[in-house]
1. Taking Gly92 and the conditions (1) part of a helix (DSSP H, G or I); (2) at pLDDT 90 or above, which numbered condition does it fall short on, given that it satisfies the others?
2. Of the residues Ile28, Ile56, Ile121, which is part of a helix (DSSP H, G or I), open to solvent by less than 30 Å² (accessible area, probe 1.4 Å) and either under 28 Å from Tyr139 (Cα atoms) or modelled with pLDDT under 90 (or both)?
3. Show the residue pairs meeting these rules: Cβ distance below 9 Å; 6+ apart or different chains; first residue within segment 26-44 and over 20 Å from Thr123 (Cβ atoms) and among the small types (Gly, Ala, Ser); second residue in a loop (DSSP other than H, G, I, E, B) and modelled with pLDDT of 90 or more.
4. Among the residues of segment 63-88, how many are over 16 Å from Asp41 (Cβ atoms), in a helix (DSSP H, G or I) and open to solvent by 70 Å² or more (accessible area, probe 1.4 Å)?
5. Every residue in segment 95-111 that is among the aliphatic types (A, V, I, L, M), loosely packed, with under 15 Cβ neighbours inside 10 Å and farther than 25 Å from Glu84 by Cα, please.
6. Among the residues of segment 95-109, are any closer than 22 Å to Asp41 by Cα, out of contact with any Ser or Thr (no Cβ under 8 Å at 6 or more places or on another chain), outside any loop (DSSP other than H, G, I, E, B) and modelled with pLDDT of 90 or more?
Amino acid sequence: MTAASSGAQRDRRTEGRRSQFTRECLAIRIGRRLRSTDVIDVLSDLFILRGAPGHIRSDNGPEFAAKAVREWIVAVGSRTAFIEPGSPWENGYCESFNARLRDELLNGEIFSSLAEAKAVIETWRRHYNAIRPHSALGYRPPAPEVALWPAAQPRPAPPATPTVASAPLMN
């Protein structure tokens, strides 16, 4: 991964991490309040699993622009790429994702608890990655799940040593 985008939906307190290359939603953190430690927690998990990207593009939200986050990103060998305030087009991948999340899920849901929000949003994230077609990817999902085709019926393995007659054969 060479670049990752980050963005937050302040009205619903969700933040997402997205690969700019694959369009895959790598993580969504849900909480009543998101702090810089939450950003570092999510990024550290992703960096362990996927490696550190060359740079992290994000808006200037306080959870992204915090000194602790900027120092941590530099310490792991990445760089920050903040968009200009009031310029959402500079982070088009993330803005497009936020619009999909809002239109396809958040505008139609009222969550009764944080646990419900986490479960429903994670289910949507998995669907977004593995099933939902993306026009920019030729109407394929960004991270389709592996389809296991039915294997041919197993046949018995041949013997390790050739069969030896128990007694000599007489003709």
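1. Here Gly92 meets the rest and fails (2).
2. Values: Ile28 fails: part of a helix (DSSP H, G or I); Ile56 fails: part of a helix (DSSP H, G or I).
Just one listed residue meets the conditions, Ile121.
3. Ser44/Val76
4. Total satisfying the criteria: 2.
5. Of all residues in segment 95-111, those among the aliphatic types (A, V, I, L, M) come to 99, 101, 105-106, 110.
Checking the rest, the ones that are also loosely packed, with under 15 Cβ neighbours inside 10 Å come to 99, 110.
If the condition is that a residue be among the aliphatic types (A, V, I, L, M), loosely packed, with under 15 Cβ neighbours inside 10 Å and farther than 25 Å from Glu84 by Cα, then Ile110 is the only one that fits.
6. No - not one qualifying residue is present in segment 95-109.
The values are calculated or read from the model by the stated rules, or taken from the named source; none is laboratory data. From a predicted model like this one, the values you see are computed outputs, not experimental measurements. With ideal geometry, Cβ positions are generated from the backbone for all residues, glycine too; neighbour counts draw on all protein chains shown. Side chains included, ligands, DNA and RNA excluded: accessible areas come from the protein's heavy atoms. Shrake-Rupley method; radii C 1.70, N 1.55, O 1.52, S 1.80 Å.
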